[in-house]
Amino acid sequence: MSASPTVLRAIDRALDRIREGLAPDGFELRSERDTDEGIVELVLQALPDACLDCLVPDQLLDVMLRQAIAPVYPALREVRLEKRLPEEGR
C-alpha cells in the first residue's frame, strides 16, 4: 500500500519549488510513485537542450529533495532519483 492520494498531491506540490529551479536549465522533475516502505521514486528528465553542467551535484539534490518532501511525508525513508538524458540523435 502506498501513501494516500492527498499525501501524493502534497509531495507533488512540495517539489514545485525545485521544479522551478530546474526548468530554466532544461530539466523536468516528476514523481513516479511511493511505496509503503517510505520510498519516493522520482525521475529527472533532461530535455534536448538541457544544460547538463548546470545541474547541482547529486548529494545536494538529494538533500534538497528530502528537505522538500519530509515535512509533508514524515514516513519518508529514501528518495530514489532516476536521471534520464535526452535520446541521442534528437
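Derivation of every value follows stated rules applied to the coordinates shown; laboratory data play no part. In this text, all values refer to a predicted model and were calculated from it rather than measured experimentally. Quick reminder, even Gly has a Cβ in these numbers, built from the backbone with ideal geometry, and neighbours come from all protein chains shown.
Worth pointing out:
- Axis of helix 5-14 versus longest Cα principal axis of the chain: the two differ by about 40°, to the nearest ten degrees.
- Computing Rg and Dmax of the Cα atoms in Å for the structure here picks out one of [x] 13.4, 42; [y] 13.4, 45; [z] 15.5, 55, namely [x].
- Along the chain, counting only GluC sites (Glu not before Pro) with a DSSP assignment other than H, G, I, E or B and at most 14 other Cβ atoms inside a 10 Å radius, the longest segment between sites is 38-86.
- Calculated mean residue ellipticity at 222 nm for the chain: -9500 deg cm²/dmol, from DSSP H runs with n ≥ 4 weighted as -39500 (n - 2.57), summed, divided by the residue count and rounded to 500.
- Relative contact order (percent, whole number), the chain, Cα cutoff 8 Å, 6+ residue spacing: 33
- Residues whose amide H lies under 5 Å from that of Leu42, counting only those 5 or more places away or on a different chain, are Glu32, Arg80, Leu81, Glu82; hydrogens are built 1.01 Å from N in the peptide plane.
- Between 0 and 90°, nearest 10: helix 58-69 axis offset from the chain longest Cα axis: 40
- Charge dipole magnitude, Cβ of K and R +1, D and E -1 - the chain, Cα centre, debye nearest 20: 300
- Ser4/Asp62 FRET efficiency (R0 35 Å; Cβ-Cβ; nearest 0.05): 0.90
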